[in-house]
Structure formats: structure tokens, C-alpha cells
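Remarks on the structure that follows.
The values are calculated or read from the model by the stated rules, or taken from the named source; none is laboratory data. The structure presented is a predicted model; accordingly, all values stated were derived computationally and were not measured. Cβ: placed from backbone, ideal geometry, glycine included. Neighbour counts: every protein chain shown.
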Amino acid sequence: MSIRSSRRKFLQTTLTGGVIAGAISAVPALQSFRTNEQPAGYPLPPTPLDQTPLPYGYAALEPSIDAKTMEIHYTKHAAAYSKAVKEAVEAESAAKGLTLEAILAKVSGFTPKMRNNGGGHYNHELFWKVMGPGTSQLAAGKLRNAVEGSFGSMDQFKSKLSEAAMTRFGSGWAWLYVDGDKKLQIGSTPNQDNPLMDVSTIKGVPLLGIDVWEHAYYLKYQNKRADYVTSWFNIINWDFVQKRYDALV
């Protein structure tokens with residue numbers, strides 16, 4: 001075999017092997033990208049199925065939310081949603097490789113266990129982050145302009161969101177959310193539903209939500225949901241909500 005023929009054979013073997021190796025090594029990366037793909041119109045990072053640590057101590061939101069309520073809410077109620085949604089994902093083959101947001105976007109095709117616990121986990125992971133210690137004011141900027149343009153004023157926004165929270169019969173959530181036209185809307189959902197779900201009567205991406213299940217406030221406020229809702233506005237983490245809005249619009 002001539003030197004030229006040997007060289008040609010060596011290059012063919014090397015290139016072919018390199019292409020195959022490259023294709024093989026690319027498969028996991030491609031698969032990983034697909035499993036992390038979010039629904040259309042949802043540019044935010046995926047919500048992990050494990051609970052994330054609270055960004056503050058149990059007593060940090062007092063007097064609006066007492067330490068015992070926060071501890072029970074986080075370690076018992078929310079922890080149960082995380083555990084159950086992981087079980088549902090493991091049991092339902094159609095959920096494999098999907099983000100939680102992608103599951104919620106077509107939750108009508110899954111079991112009630114997935115709907116209730118997937119929604120419960122997503123809602124609570126957002127809930128902890130939209131709250132923070134101290135009184136937070138929404139600074140002048142894009143989100144404040146949108147709130148005032150959509151609802152008339154900050155006071156009117158609070159009034160409308162409070163009404164949504166107070167008129168939600170039984171357990172559920174009240175939301176400020178961005179709809180498909182990137183407009184701000186206020187509404188509520190029952191149980192652990194949220195605007196991401198295809199079964200929801202309101203649709204969009206939540207910016208913030210008020211949990212109006214009794215376990216969120218009963219130890220301190222008993223049946224006085226209105227007092228809880230009024231106090232809750234003092235602990236909104238507007239910096240987080242602003243960043244979330246900036247990513248969406």
C-alpha cells in the first residue's frame with residue numbers, strides 16, 4: 001500500500017470515528033435540552049420538583065405571617081406537594097422528560113394527582129419567593145407603569161387583587177398574571193390550579209399569587225381572611241416580581 005493510500009485510509013477512519021463519536025456525545029446534550037424545554041411564552045427557568053430552601057427564616061415575615069404558620073406551611077403542606085408530584089411524574093410515562101411547567105400546560109392529559117400536586121408545588125415555590133421581610137414598595141419603572149396603566153393606581157390594584165382573594169370561595173389562589181397578549185390581569189383559581197394550566201379559566205404566567213387556603217393564615221387570623229390579605233401586601237417582594245415581569249415582557 002502506498003503512503004498516499006495509507007494516509008487516505010487513516011483520514012477516512014479518523015473522520016468517520018470522529019463523526020460517530022461526536023454524534024454519540026451530542027445525544028445526551030440534545031436530550032437534556034429537550035427535557036428542559038419550556039412551554040411557549042414561558043421564558044423563565046424550570047421549577048425543580050424538589051423543594052428549594054426558604055429564602056428567609058420562619059419568623060422573618062412577622063407580624064404579617066407568624067413563624068409557626070410558616071414552619072407548618074413549608075415543612076408539612078408544601079413538602080407533601082413536592083413528594084406527591086415526584087411520585088406522579090415517576091408513575092406517569094407521559095410526564096417523563098417534561099418540565100413541571102410543560103406538564104401544567106397540558107395537565108388535562110394527566111391524573112388528578114398530577115394536577116393537584118403539580119399545581120400545589122409550583123404555586124408554593126412561587127409563593128415563598130414573592131414574599132420577603134419588611135415593607136416593599138414597587139419602584140417606578142416598567143412594572144409600576146403597567147400596573148397603573150392596567151388598574152388605574154396601586155391602590156386600585158390592591159383593591160382588585162384583594163377582591164379576587166376574598167371572593168374565591170373555599171380554598172384557592174388569587175393571581176396577578178401576564179396573559180397571552182403580555183397584558184396584566186387579576187383573577188383567581190380554585191384549589192391548587194393556576195393560570196399556566198390548560199384547564200384554568202384564566203390563562204397566562206403568574207407574577208405573584210396569594211395563597212388563600214386556610215392553612216396559610218388560620219393560626220393567626222382564624223376566619224378573618226380579609227385581615228390576612230390586607231397584611232399580606234406589606235410583605236410582597238416587589239424586586240423579585242419586577243425581575244419576573246422583565247423576563248416575561
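Which of (1) within 18 Å of the chain's Cα centre (by Cα); (2) part of a loop (DSSP other than H, G, I, E, B); (3) modelled with pLDDT of 95 or more does GLU62 not meet, given it meets every other one?
All conditions are met except number (1).
Here is a check on your reading of the model: is THR52 closer than 25 Å to LEU207 by Cβ and touching a Pro at 6+ places or on another chain (Cβ under 9 Å)?
Considered against the rule, which asks whether it is closer than 25 Å to LEU207 by Cβ and touching a Pro at 6+ places or on another chain (Cβ under 9 Å), THR52 comes out as no.
So, in segment 99-135, of the ones that are small (Gly, Ala, Ser) and surrounded by fewer than 18 Cβ atoms within 10 Å (Cβ to Cβ), which residue ends up farthest from VAL241 (Cα to Cα)?
Filtering segment 99-135 down to residues small (Gly, Ala, Ser) leaves 102, 105, 108-109, 118-120, 132, 134.
In the following step, the residues that additionally are surrounded by fewer than 18 Cβ atoms within 10 Å (Cβ to Cβ) were identified as 108-109, 134.
Working: SER108: 28, GLY109: 30, GLY134: 15 Å.
Out of the qualifying residues, it is GLY109.
Hey, does segment 14-32 have a residue that's among the β-branched types (Val, Ile, Thr), at pLDDT 50 or above and surrounded by 10 or more Cβ atoms within 10 Å (Cβ to Cβ)?
As a first pass, look at segment 14-32 and keep what is among the β-branched types (Val, Ile, Thr): 14, 16, 19-20, 24, 27.
Filter once more, keeping what is at pLDDT 50 or above: none.
No, segment 14-32 contains no residue that is among the β-branched types (Val, Ile, Thr), at pLDDT 50 or above and surrounded by 10 or more Cβ atoms within 10 Å (Cβ to Cβ).
For segment 66-99, which residues satisfy the criterion of being assigned to a loop (DSSP other than H, G, I, E, B) and touching a Ser or Thr at 6+ places or on another chain (Cβ under 8 Å)?
Here is the first cut: in segment 66-99, the residues assigned to a loop (DSSP other than H, G, I, E, B) are 66, 92, 96-99.
Scanning segment 66-99 gives GLU92, GLY97, LEU98, THR99.
Taking the condition aromatic (Phe, Trp, Tyr), at pLDDT 95 or above and in a loop (DSSP other than H, G, I, E, B), does TYR42 pass? Working first, answer last.
On the way: aromatic (Phe, Trp, Tyr): yes; at pLDDT 95 or above: no; in a loop (DSSP other than H, G, I, E, B): yes.
So TYR42 fails the test.
Let's see how each residue does on (1) over 22 Å from THR189 (Cβ atoms); (2) of a type in the set (Lys, Arg):
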site: GLU62; (1), (2): yes, no
site: LYS68; (1), (2): yes, yes
site: ALA78; (1), (2): no, no
site: VAL85; (1), (2): no, no
site: ALA94; (1), (2): yes, no
site: TYR122; (1), (2): no, no
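Tally up the residues in segment 192-249 that are buried (at least 16 other Cβ atoms within 10 Å of the Cβ) and not in a helix (DSSP H, G or I), please.
22
Residues of segment 100-112 being farther than 13 Å from SER82 by Cβ and either assigned to a helix (DSSP H, G or I) or modelled with pLDDT under 95 (or both), which ones? Talk me through it step by step, then tell me what you get.
First pass over segment 100-112, keeping only residues farther than 13 Å from SER82 by Cβ: 101-112.
Answer for segment 100-112, where residues must be farther than 13 Å from SER82 by Cβ and either assigned to a helix (DSSP H, G or I) or modelled with pLDDT under 95 (or both): GLU101, ALA102, ILE103, LEU104, ALA105, VAL107, SER108, GLY109, PRO112.
Quick one: GLY132 ticks every box in (1) in contact with a strand residue (DSSP E or B) (Cβ under 7 Å, 6 or more places away or on another chain); (2) within 21 Å of ASP227 (Cα to Cα) bar one, so which box is it?
Failing condition for GLY132: (1).
If I filter segment 145-184 down to residues being in contact with a helix residue (DSSP H, G or I) (Cβ under 8 Å, 6 or more places away or on another chain) and in a strand (DSSP E or B), which single residue comes out as farthest from LYS113 (Cα to Cα)?
Only one residue fits best here, namely LEU184.
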